[in-house]
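In what follows, a single structure is set out as structure tokens and then discussed.
The values are calculated or read from the model by the stated rules, or taken from the named source; none is laboratory data. Because the structure is predicted, anything quoted here is derived from the model rather than measured. So basically every Cβ, Gly included, is an ideal-geometry build from the backbone, and we count neighbours across all protein chains shown.
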Amino acid sequence: MCCFHLFSFYVGTCVSGRYNSQMLCSDNFKLMVAFVELQLFGQSLITFLGRCIMSEKFLFRIIVILLYGSISLIVVQDISANDNAPRTKSDHAGAMPDAEREVILAEIIELDEIRRQAMREGDCEKLVTFFDDQFSFYVNGREFPSLDAIVEGCRQIPRPFPPDEIIIDEFYLLSEKAVYNLIVLEFEPRREEFGDLAREVITRIWNKTDQGWRIVHMHVSINEVPDE
């Protein structure tokens with residue numbers, strides 16, 4: 001440190017003009033002094049860091065900071081990638097072109113509207129033509145194991161249906177051969193067991209077969225909407 005103070009004195013005399021030696025006040029000498037002082041500062045900094053690194057708490061904090069930084073970077077990159085992805089009803093279909101998606105969804109929606117019309121009108125024989133030979137169908141946990149059972153159950157439903165409010169009616173393209181339909185609606189039920197307001201949730205899966213689009217799974221649940 002004696003050298004450090006000595007060089008500081010020389011620099012101070014040159015700057016103040018109190019010592020006008022050509023050698024001591026030359027630009028080269030000033031650069032040399034600055035270089036030496038920088039070396040001394042660097043050595044002191046290395047010594048300080050070396051002592052800190054020996055501390056377990058310091059190492060633990062460094063590790064935590066590095067891990068946190070790495071995780072944050074990964075999360076940010078993942079969020080950025082997801083923000084750029086299109087959010088549509090057919091995200092499950094992978095890299096299928098949008099035009100092809102729209103064609104499939106339009107075809108299913110058209111078929112399903114015909115099916116709904118048959119249901120509203122009580123055309124139960126036509127209704128079952130939309131089901132595949134191998135299917136699963138449940139209503140509030142009760143299985144309808146055959147097409148004949150569906151026809152019989154369809155005939156027992158009173159018509160016309162009560163007015164309803166559709167909460168959700170969405171079609172999701174799972175693949176070029178599978179479409180998922182979710183419907184949620186509320187209505188005033190005729191049966192007292194469902195209270196003043198009932199909610200019906202319908203899930204339906206369409207599958208592309210050799211005979212065309214057919215329903216391979218359907219589930220209906222009807223429950224009372226609890227008072228808030």
Those residues of the stretch 204-226 that are within 16 Å of residue 150 (Cα to Cα) and of a type in the set (Val, Ile, Thr) come to a total of 3
Here the qualifying pairs (Cβ atoms under 6 Å; residues six or more apart or on different chains; first in the stretch 182-201 and within 15 Å of residue 221 (Cβ to Cβ); second polar (S, T, N, Q) and modelled with pLDDT of 90 or more) come out as 182/203; 199/223; 201/221
All-but-one check, residue 133 against (1) out of contact with any helix residue (DSSP H, G or I) (no Cβ under 9 Å at 6 or more places or on another chain); (2) part of a strand (DSSP E or B); (3) surrounded by fewer than 13 Cβ atoms within 10 Å (Cβ to Cβ), failing number (1)
Exactly one of 136, 146 is within 31 Å of the chain's Cα centre (by Cα) and assigned by TED's automatic domain parsing to the domain that holds residue 220, and that one is 136
Restricting attention to the stretch 170-189, the residues that are under 21 Å from the mean Cα position of the chain (by Cα), over 15 Å from residue 214 (Cα atoms) and not aliphatic (A, V, I, L, M) number exactly 2
**Message:** Considering only the stretch 201-211, I want to know if a residue exists there that is surrounded by 18 or more Cβ atoms within 10 Å (Cβ to Cβ), at negative phi and either of a type in the set (Gly, Ala, Ser) or not assigned by TED's automatic domain parsing to the domain that holds residue 142 (or both).
**Reply:** no
